[in-house]
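Visitor: Just passing along the structure, written as structure tokens.
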Amino acid sequence: MSRVLRNYAGLTITCVVGVAFVLIFAASSTSFSSLTLILALFTFASVIAAAMMIAWAAEASQYSISQGLALAVVAIVQTLPEFFVEGAIAWNAGQDPVGWLPNVTANFTGANRLLTGLGWPLILFTAMLSRSGNKRSGLHVIALRKEQSIEVVFMLGATLYYVLIWLRGSLEVVDTFVLLAAFLGYLWMLSRLPSERQDPREALDASPRAIVELRTRKHRIIAILGLFSFSGLVFVFISTPFVDSINTIAVALFGAGAGFFFIQWIAPFLSEFPEKVTAFHWARKIKLAPMALLNFVSSAVNELTALVAIIPIVFALSIGAIGPVSLTAHRDEVLLTMAQSLYACVCLMDLKYDVRNALQLFGLWLVSTAFVETRFAISIVFLLASLVELIIQRRRITVFSSFKQTLQQYFSRHS
């Protein structure tokens, strides 16, 4: 059996064993015992295995559609575990508001801040440590192309919408419609861009490349859809026990407040792990570093729009009525997420991401994560840093003109 087949077989077996264990011992996820630890181990392994297969299938899919849309699809599918996790939390919040409603905020704020505060800087740091040909040092500035302004503009728009959510202190069904409309508009625009021409042998590892190299397009589609469907089914069974076991273990070992921390950081880290592996693999190859950064920008757009959009709907289904999802217990978390995302967007106003931007993002993220009591203050620092960055870049801001040129180039000719 080839190494690629062993990879797929190993991940499939991990998923099947995890689902079987969940079906037998699912009740153990909500009350602490030795079985809870074993269940957590199996669900964690299954989440990573299913997410890895999703990532491989998503990577392979980008060679038949536009790069922008492909990276958006890659980001959607790679963040699919987050959708299941957030959906499980929103459902639990409807059944047990006192115990679970605060955790709704924990997951989507943690997931987004991990991407921009840790993921974006590590992409550049990875590129800096890499070597290209005979060059002695790696990349110190990641430059995006003109048409990639679409991702930045939509991320900025979604970020600014969070000002309304923060002021209101709740998520409502109207937010679902607004955010989903923005997300669908984003996908539609990306679908009009030209297809990716990057050689898959350079961009992909052996496992996703094996899909691209299948004999016919029909076989490739069947393989991709099969991996998506299988992994999605695994998440249907795994997500709720995964979330419950994290919360149960955290509360039992570290106290009532630990559940929020674990769901904010541990759950997103595990479910986003394959996505980060993919992006860092691209970042090690100097030519692909912009694609790695763009992958994370697309993921941030997904999480700011589609991920949050599902929360009011799932919550309404859980309680059997339409109502607001209160965020008042952790409004500072929403403010910090919005402020950090705003600074990340402002860093890309000239479509370039440099070491200074990466160090500031990473440093402020690290302080706000390590010292919870500083989060409101760090939010203000991020907002002030955004203003300073705009002043610094005032003569170099090209994102809006590039966005306009992209619309004229790829949309007017098709109208």
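Visitor: Rounded to the nearest 0.05, what FRET efficiency do Arg396 and Val16 give with R0 = 51 Å and r taken as the Cβ-Cβ distance? Could you check?
Guide: So, using R0 = 51 Å, E works out to roughly 0.45.
Visitor: Please get the size of the charge dipole for the stretch 256-391, origin at its Cα centre, with Cβ charges of +1 on Lys and Arg and -1 on Asp and Glu, quoted in debye to the nearest 20.
Guide: 360 debye
Visitor: Answer with one residue from Leu384, Thr14, Ala143: the one whose Cα lies farthest towards the positive end of the charge dipole of the chain, charges on Cβ with Lys, Arg +1 and Asp, Glu -1.
Guide: Farthest towards the positive pole: Ala143.
Visitor: Related question: Set Lys and Arg Cβ to +1 and Asp and Glu Cβ to -1, take the dipole of the stretch 284-362 about its Cα centre, and tell me which of Cys345, Leu327, Ala292 lies farthest positive.
Guide: Farthest towards the positive end: Ala292.
Visitor: Give me the net charge of Ala158's neighbourhood, meaning all other residues with Cβ under 14 Å from the Cβ of Ala158; Lys, Arg count +1, Asp, Glu -1.
Guide: Taking every other residue near Ala158 into account, the sum is -3.
Visitor: Right, here's the next one. Around Ser170, which amide H atoms from residues at least 5 apart in sequence, or from another chain, sit under 5 Å from its own amide H, with H modelled in the peptide plane?
Guide: Under 5 Å from the amide H of Ser170: Leu327.
Visitor: Right, next: Report the accessible area of Ser402, computed with a 1.4 Å probe over the heavy atoms of all protein chains in place, in Å² rounded to the nearest 10.
Guide: 10 Å²
Visitor: With the crude spin-label approximation of a point 7 Å out along Cα→Cβ, what separation in nm comes out for Leu225 versus Val141?
Guide: 4.6 nm
Visitor: Straight-line reach from Lys285: which lysines have Cα under 27 Å away, leaving out those fewer than 8 places along the same chain?
Guide: Those lysines meeting the cut-off are Lys135, Lys146, Lys276, Lys352.
Visitor: Sticking with this one: May I ask for log10 I(q)/I(0) of the stretch 95-189 at q = 0.13, 0.16, 0.22, 0.26 Å⁻¹, from a Debye sum over the Cα atoms as equal point scatterers with solvent left out?
Guide: -0.69, -0.91, -1.25, -1.37
Visitor: May I pose another question? Taking Cα atoms of the stretch 265-415, Rg/Rh with Kirkwood Rh, to two decimals?
Guide: 1.01
Visitor: Something else about it: Suppose all protein chains stay in the model; what accessible area per residue would a 1.4 Å probe give for the chain, in Å²?
Guide: 41 Å²
Visitor: Size of the dipole of the chain about the Cα centre, Lys and Arg at +1 and Asp and Glu at -1 on the beta carbon, nothing else charged, in debye to 20?
Guide: Computed charge dipole of the chain: roughly 1760 debye.
Visitor: Here is a follow-up. Among 347-358, 236-247, how do they line up by average Cβ neighbours within 10 Å per residue, starting with the highest?
Guide: Those peptides, ordered most packed to least, come out 236-247, 347-358.
Visitor: Over the chain, with every protein chain in place, what whole percent of the accessible area is carbon and sulfur at 1.4 Å, could you tell me?
Guide: 68 percent
Visitor: Which value at 222 nm does the chain reach when only helices count, each DSSP H run of 4 or more adding -39,500 (n - 2.57), with the total divided by all residues and rounded to the nearest 500 deg cm²/dmol?
Guide: Dividing the helical sum by the residues of the chain leaves -24500 deg cm²/dmol.
The values are calculated or read from the model by the stated rules, or taken from the named source; none is laboratory data. In this text the structure is predicted, and so the values were computed from the model without any measurement. All Cβ positions, glycine included, derive from the backbone under ideal geometry; neighbour counts span all protein chains shown. These area figures cover heavy atoms from the full protein model, side chains too; ligands, DNA and RNA do not enter into them. Shrake-Rupley method; radii C 1.70, N 1.55, O 1.52, S 1.80 Å.
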